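First the structure, in the form of structure tokens, and then the observations on it.
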Amino acid sequence: MTESGLFFASLVLGARGWLWPAVAIVALSAVVLAWAYRGLTGPRWLRITAATLKAVGIALLAAILLDPLWSTSRARPGENVVLLLVDTSQSTQVKGRDQKTSTASAFRERIEDERQPWLVRLKQDFDVRRYTFDSRLEPRTDFAGVEFNGRSSALHASLRSLAERFQGRPVAGIVVMSDGVATDARASNTPTNVDSAALPPVFPVLPPQIETAAEVSLARVTATQTSFEDAPVTLLADATSQGFEGEPLVCEVLDEAGKVLHTQEQTPGGRDASATFRFQFRPEREGLSFYRVRVAAKSQLDVWKDVSKSREATLANNERLVQVDRGRGPYRILYVGGAPNPEHKFLGRALAEDSQIELLTLMRIARREPKFDFRTRAGESTNPLFRGFDKTTDETERYDQPVFVRLGIKDERELRDGFPKNVDQLFGYHAIILDDVEAELFTTDQMSLIGRFVSERGGGLLMLGGPDGFEKGKFAKTPVADVLPVYLQRTTTSYPPPAEGYRWQLTREGWLEPWMRLRASEADERERLEKMPATFRSLNHIAGIKPGASILAVAVDPAAKQHPALVVHTYGRGRAAALMIGDMWRWRLKSEPENQDLEKTWRQLIRWLAGDVPGRVSVAHELVADELAPAVRLAIRARDADFQPLDNAAVTLQVTPPDGKPLAIDAEPSRSEPGVYEASYVPRAPGAYRALAKVVDGAGAELGQVETGWTNDSAADEFRALTPDRAALAELARATQGETIELSELDDFAASLAARPVKETVQTLFPLWHTSGVFLLAIACLAGEWGLRRWRGLP
């Protein structure tokens, strides 16, 4: 198109200066024709038709003055880029019922031979770039000998990578040959897992429709962990079945040695023939463990020994790995008691059954005595009661100081001076239990230290009821009161102990916490609570609970009035709980010898309180699935003795892949957060991975080691759907303003692509007057008008 031309759709006026003269000629001709035909006699339709034909003929001849040109544009040969992207993952090899057709075979027929008409046509008009992808994006010169054996299908990451590589280049489109089952599809809720505006038009080639004869798949396995002692681990496995109508499925859980631990049988139901298996169990050991969950039709259980007996297209989607990390103790619990009592006795017995919990006791056996002078030997200022004790074991107590007994300590120095007075001493524990002690037992600094222990260190605090607990211990308006989930202002209402005792009852929030329940099923738990005697007589009453706190259990008096019994909340990084009942030990006395409900309650409560308390070294991992090679990002958090971020540490990781050959990796300090060290690892082989993090401070002292782990189920993800996902491909095309293409339409698509909007085009101008059709049309109009007049005898 010339700079002086006008552009009307595809029509260009080359002689723009003749526009108004041409319009004047046409207008004048129209007036003359109207005046001439108005005076003629004859049928109205004849006059209108003849006048119209002559006007059209004159208008076409007048158009000669405008030099009309027909403008066409198409892709400039070789200037625009077309990207061919072929999915070479294993899922494309799944065959249908006929055992002949597969997505891979259908694609191979259209790409291996460079003489294919659609490929030849594309190369004539475009710069064609070829790529294959599975977990990686690889360029190719041609597709001869391409193998479809990739372990994953990073479709969305490959599209994003191509968009970044060719940013600013004239890309006409991306032709995608894939089954649509992308292993990175779940990393985002967007159709393309990337910003569709950043992608050129995507043209997915739809694979053939494939239906498998029989198939059982394990779509998802999730593991959740609680402090429920009998079954702290819950595995949920979602399975689907096709071709085994009416036949039950058998799901098994195996340990790392391949031993079958649990088995369930269920018949699929619903429109999608699905079944959900629920396993609850207690791992045999603490720390990190891996379990394999597998499912098969009941008639196909022999496939685990002989794969040839399988009726399914593949067994890769019948099993998945899942990791369970029960943590590693010991969890050190500091118990501070105001006086020897049965509560400590039964609590100690309960926690002694848990090998991961260490109970350290600081028990007061004598209160502070009035300050006066004993009549003792000359130069002696201590209580004569302690005369003769060896000072190398316990320092002789002054007569005006309380007397403590230490139990469960690791050495003679621990708790030698009573309750810890600094961070180094206190932050070594995971939780603190205050039982029947008054605020006067602690200094203001010690109570502030307890607050920091919970909020900064992330520890747990549990206050038990009793004569000197809560408001009776004068904790109101102290730093400890700030930590507790209840208000300690003294109430004006008096609550005498009921003669029949209080009954323990769970609230709605309590029912939702697994560690508050002692039975596996709701029915059994309700039955247990109904049979539980109303045995408690000591209850500390409070003014109310704080915002955000939860009442998990209530004490119900004989008048059916409910009083808060167990209240919990989160305080800073840690947890705090208030157990207002002061005689939980009566539960044990009213129970049968074989009944262990009280012991289990104590263990589950303490596990909840201390189980998530961080150490000085912690590690977390995150799967980054939106990259071409899905990586695991590891973040190691290091803290100093005050549990503040440690910046000058050296962090090393030892990653052990499924083949058992460890690999050492150095973690680098994070740029965004102090005290955090990061490293990335790309798992290649399917299986279980372990990572052991070791942290050394600037002085060369080792702070600790911590382990984490993850699984790589690339095969299960790759074969999670055996039929091509044509709907996902259609959505991809719609989001990028492309279109889907059937295999049979490839030739037509290649021929039409050059005429579609692209960045680099070439324009062709063709004079319309030089076409015989336009000239003949003008002559035909004039001749037609003359013929009509002669036919009817008009002048």
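Of these, Leu609, Leu589, Leu634, which one is at pLDDT 90 or above, open to solvent by less than 20 Å² (accessible area, probe 1.4 Å) and in contact with a Ser or Thr (Cβ under 8 Å, 6 or more places away or on another chain)?
On inspection, the qualifying residue turns out to be Leu634.
So which residues in the stretch 323-335 are under 29 Å from Arg690 (Cβ atoms) and either crowded, with 21+ Cβ neighbours inside 10 Å or touching a Lys or Arg at 6+ places or on another chain (Cβ under 6 Å) (or both), if there are any at all?
Tyr331, Ile333
Cβ contacts < 7 Å: first residue touching a residue at least 40 places away in the same chain (Cβ under 8 Å), restricted to the stretch 740-751; second residue in a helix (DSSP H, G or I) and of a type in the set (Lys, Arg), any location; separation 6+ or different chain. Result?
Pairs that qualify, where the first residue is touching a residue at least 40 places away in the same chain (Cβ under 8 Å) and the partner is in a helix (DSSP H, G or I) and of a type in the set (Lys, Arg), are Leu743/Arg110; Leu746/Arg110; Ala750/Arg121; Ala751/Arg121.
Step by step: first the residues of the stretch 261-307, then only those that are of a type in the set (Lys, Arg) and more than 15 Å from Thr240 (Cα to Cα), then the one that is surrounded by the fewest Cβ atoms within 10 Å (Cβ to Cβ). Which residue is that?
Lys305
Considering only residues that are modelled with pLDDT under 90 and outside any loop (DSSP other than H, G, I, E, B), look in the stretch 308-324 and name the one that is nearest to Gln93 (Cα to Cα).
My answer is Ser308.
Identify, from the list Asp179, Asp142, the residue that is open to solvent by less than 10 Å² (accessible area, probe 1.4 Å), assigned to a loop (DSSP other than H, G, I, E, B) and among the acidic types (Asp, Glu).
Asp179
Within the group Gly458, Gly473, which residue is surrounded by 15 or more Cβ atoms within 10 Å (Cβ to Cβ), over 30 Å from Asp230 (Cβ atoms) and touching a Pro at 6+ places or on another chain (Cβ under 9 Å)?
Gly473
Checking Pro564 against (1) open to solvent by 30 Å² or more (accessible area, probe 1.4 Å); (2) assigned to a strand (DSSP E or B); (3) over 19 Å from Gly473 (Cβ atoms), only one condition comes out false. Which one?
(3)
Considering only the stretch 216-267, state which residues are among the acidic types (Asp, Glu) and at pLDDT 90 or above.
Of everything in the stretch 216-267, those that are among the acidic types (Asp, Glu) and at pLDDT 90 or above turn out to be Asp238, Glu247, Glu252, Asp255, Glu256, Glu265.
Residues in the stretch 28-87 that are among the hydrophobic types (A, V, I, L, M, F, W, C), within 30 Å of Gln167 (Cβ to Cβ) and modelled with pLDDT of 80 or more: how many?
Selection size over the stretch 28-87: 6.
Go through the residues of the stretch 490-497 one by one and say whether even a single one is assigned to a loop (DSSP other than H, G, I, E, B), in contact (Cβ under 8 Å) with a residue 60 or more places away in the chain and open to solvent by 10 Å² or more (accessible area, probe 1.4 Å). Before the answer, list the steps.
We begin by selecting, within the stretch 490-497, every residue assigned to a loop (DSSP other than H, G, I, E, B); these are 490-497.
Within this subset, residues satisfying the condition of being in contact (Cβ under 8 Å) with a residue 60 or more places away in the chain are 495.
Those left that are additionally open to solvent by 10 Å² or more (accessible area, probe 1.4 Å): 495.
Looking through the stretch 490-497, at least one residue is assigned to a loop (DSSP other than H, G, I, E, B), in contact (Cβ under 8 Å) with a residue 60 or more places away in the chain and open to solvent by 10 Å² or more (accessible area, probe 1.4 Å).
Given the residues Glu245, Glu256, Glu211, which is the only one that is assigned to a loop (DSSP other than H, G, I, E, B) and closer than 30 Å to Met177 by Cα?
Glu211
Looking at the stretch 103-134, which of its residues are buried (at least 22 other Cβ atoms within 10 Å of the Cβ) and among the hydroxyl-bearing types (Ser, Thr, Tyr)?
Selection gives Thr103, Thr132.
Looking only at the stretch 577-585, decide whether some residue is open to solvent by 20 Å² or more (accessible area, probe 1.4 Å), among the charged types (D, E, K, R) and touching an Asp or Glu at 6+ places or on another chain (Cβ under 9 Å).
No.
Only residues in the stretch 409-422 that are over 17 Å from Glu358 (Cβ atoms) count as the first member; pair them with residues that are open to solvent by 50 Å² or more (accessible area, probe 1.4 Å) and β-branched (Val, Ile, Thr), Cβ under 8 angstrom, at least 6 apart or cross-chain, and list the lot.
If the second residue must be open to solvent by 50 Å² or more (accessible area, probe 1.4 Å) and β-branched (Val, Ile, Thr), the pairs left are Lys421/Thr443.
The values are calculated or read from the model by the stated rules, or taken from the named source; none is laboratory data. All values derive from a computational prediction rather than experimental measurement. All Cβ positions, glycine included, derive from the backbone under ideal geometry; neighbour counts span all protein chains shown. These accessible areas exclude ligands, DNA and RNA; they are computed on the full protein's heavy atoms, side chains included. Shrake-Rupley method; radii C 1.70, N 1.55, O 1.52, S 1.80 Å.
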